[in-house]
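Reviewing the structure listed below.
What follows draws every value from the coordinates through simple rules; no lab data is involved. Just so it is clear, the structure is predicted and the values come from calculations on it, not from any experiment. Please note: Cβ atoms are built from the backbone with ideal geometry, for glycine as well, and neighbour counts cover all protein chains shown.
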Amino acid sequence: MNAALPSTMPRPTTPRPTVPRPTTPRPTTTRCTANPHDDAITAWALAARGGDPLAVEQFVRALHRDVRRYVAYLSADPQAADDLTQDTFLRALGSLHRFEGRSSARTWLLSIARRAVIDSLRHTAARPRLADTDDWQSAAERAQHRNLPGFDDGIALAELLATLPDERREAFVLTQLLGLPYAEAALVSGCPVGTVRSRVARARSSLIGLLHDAERPALACWSG
């Protein structure tokens, strides 16, 4: 005779799938970047710091145009832009071993460019001027009428920006021409974000006023 099964025998159960509990990510140190391309440039800078020659070439090529535009507008001397750009990259590559990626490489490099321009302006101010006009060709281009064929819009913009105070011109160039976020522009220029916003707003107002003033003679000619 078969023995009866005990009534207390546990019934077989199907194991329930385990669901992972959501975890709260740990806070990490983040830096502000203008766009994903800045992350790639920063990665190139870090690789260049480690001695990668290809990364050095990519780093310089990616930021050469921004640096040149920045120093040209900041110094208000397009003729000195090439020398200032070269000086900036020489300084940057010489101190690349100290770059740790705490800010974007573009912000770091533009900060170096700013110092290069300041040093250049101080050096120029210490030298005696040999003539009232440093560059006759630039003076002729500025005197050229805007309606003449071949007038370069870049020269017109440089002429308008040259009328702005240095701080407003720098803030406008960094944010509106180079596309830096206000937070990074503040890091480059060494001032609060609110100050950068105020300078950009005032620069815009001044430029709009200058453009309106420039349009009035043209409208008068057409109406006449």
Q. With θ set to phi - 60° and the Karplus curve 6.51 cos²θ - 1.76 cosθ + 1.60, what are the ³J(HN,Hα) couplings of segment 63-68 in order, to the nearest whole Hz, using x for Gly and Pro?
A. 10, 4, 5, 4, 5, 5
(Q) Going by average Cβ density within 10 Å per residue, which order do the peptides 70-78, 56-64, 174-182 take, highest to lowest? (A) 70-78, 174-182, 56-64
Q. Taking θ as phi - 60°, what are the ³J(HN,Hα) couplings along segment 170-178 by the Karplus curve (6.51, -1.76, 1.60), each to the nearest whole Hz, with x for Gly and Pro?
A. 5, 4, 5, 5, 4, 8, 8, 9, 8
Q) What list of ³J(HN,Hα) values in whole Hz, one per residue of segment 72-81 in order, does the Karplus curve 6.51 cos²θ - 1.76 cosθ + 1.60 (θ = phi - 60°) give from phi, with Gly and Pro shown as x? A) 5, 6, 5, 7, 6, 9, x, 5, 8, 4
Q) Farthest toward the dipole's positive end in segment 67-112, which of 101, 80, 90, given Cβ charges of +1 (Lys, Arg) and -1 (Asp, Glu) about the Cα centre? A) 101
Q: Set the Förster distance to 25 Å, then compute FRET efficiency between residue 191 and residue 122 from the Cβ-Cβ distance, nearest 0.05.
A: 0.80
